[in-house]
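> The following block contains the structure, expressed as structure tokens.
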Amino acid sequence: MRPLGQTAVFGAGQPRQPAGVAFYGVLSEVDAQCERSGDSLRLKLNVVVVGERGPAAGQAGAADFSYFVAVTGPDQAILGKRQFPVRIPIPENTRRAAISDHIEEAISLGGRAAGDLSIVLGFQQSPEAVEFYRQYRGR
């Protein structure tokens with residue numbers, strides 16, 4: 001989760017640099033539970049997503065992000081992936097706000113051992129955000 005645990009959303013027409021960021025997103029906490037049932041796993045996730053106003057937020061009152069949950073095999077090949085959009089209302093006089101998102105998914109093992117699978121969680125990054133974090137690693 002580490003490299004994809006934060007993201008940046010830029011203001012309309014703003015430069016792709018720190019001054020142009022409308023909102024930062026951070027995957028703050030993740031609580032995961034797995035239960036095996038036959039040839040599948042029942043995955044329960046509680047995800048805390050934080051939105052923070054950036055310099056280009058203006059009057060915008062909510063931050064919109066998309067994060068994903070993926071299942072990978074032992075060779076890191078993605079076996080399944082699902083995206084989850086979140087909207088975080090941020091009151092005008094507040095810099096940060098958070099939501100708690102609850103997800104339950106059934107994952108077919110397809111004859112694999114449960115220990116061969118990994119769960120990966122991260123923000124679905126735009127090309128602009130990827131380039132931003134390459135250039136501005138400090139944020």
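> Residues in segment 31-42: is at least one open to solvent by less than 50 Å² (accessible area, probe 1.4 Å) and more than 17 Å from SER126 (Cβ to Cβ)? Break it down stepwise before answering.
Of all residues in segment 31-42, those open to solvent by less than 50 Å² (accessible area, probe 1.4 Å) come to 40-41.
Then drop every residue that is not more than 17 Å from SER126 (Cβ to Cβ), which leaves 40-41.
Checked segment 31-42: at least one residue is open to solvent by less than 50 Å² (accessible area, probe 1.4 Å) and more than 17 Å from SER126 (Cβ to Cβ).
Listed here are the residues, each with its yes/no results for (1) more than 24 Å from GLU29 (Cβ to Cβ); (2) among the hydrophobic types (A, V, I, L, M, F, W, C); (3) open to solvent by 60 Å² or more (accessible area, probe 1.4 Å).
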position: GLY51; (1), (2), (3): no, no, no
position: ALA56; (1), (2), (3): yes, yes, no
position: ALA62; (1), (2), (3): no, yes, no
position: PHE84; (1), (2), (3): no, yes, no
position: THR94; (1), (2), (3): no, no, no
position: ALA97; (1), (2), (3): no, yes, no
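> While we're on this one: In segment 14-30, which residues are open to solvent by less than 80 Å² (accessible area, probe 1.4 Å) and either on the phi > 0 side of the Ramachandran plot or not in a strand (DSSP E or B) (or both)? Talk me through it step by step, then tell me what you get.
Narrowing segment 14-30 to residues open to solvent by less than 80 Å² (accessible area, probe 1.4 Å): 14-15, 17-28, 30.
The answer is GLN14, PRO15, GLN17, PRO18, ALA19, GLY20.
The values are calculated or read from the model by the stated rules, or taken from the named source; none is laboratory data. Here the structure is a predicted model, which means the values were calculated and not measured. Positions of Cβ are generated from backbone atoms using ideal geometry, with glycine treated the same way; all protein chains shown enter the neighbour counts. All accessible areas refer to the heavy atoms of the entire protein, side chains included, with ligands and DNA or RNA removed. Shrake-Rupley method; radii C 1.70, N 1.55, O 1.52, S 1.80 Å.
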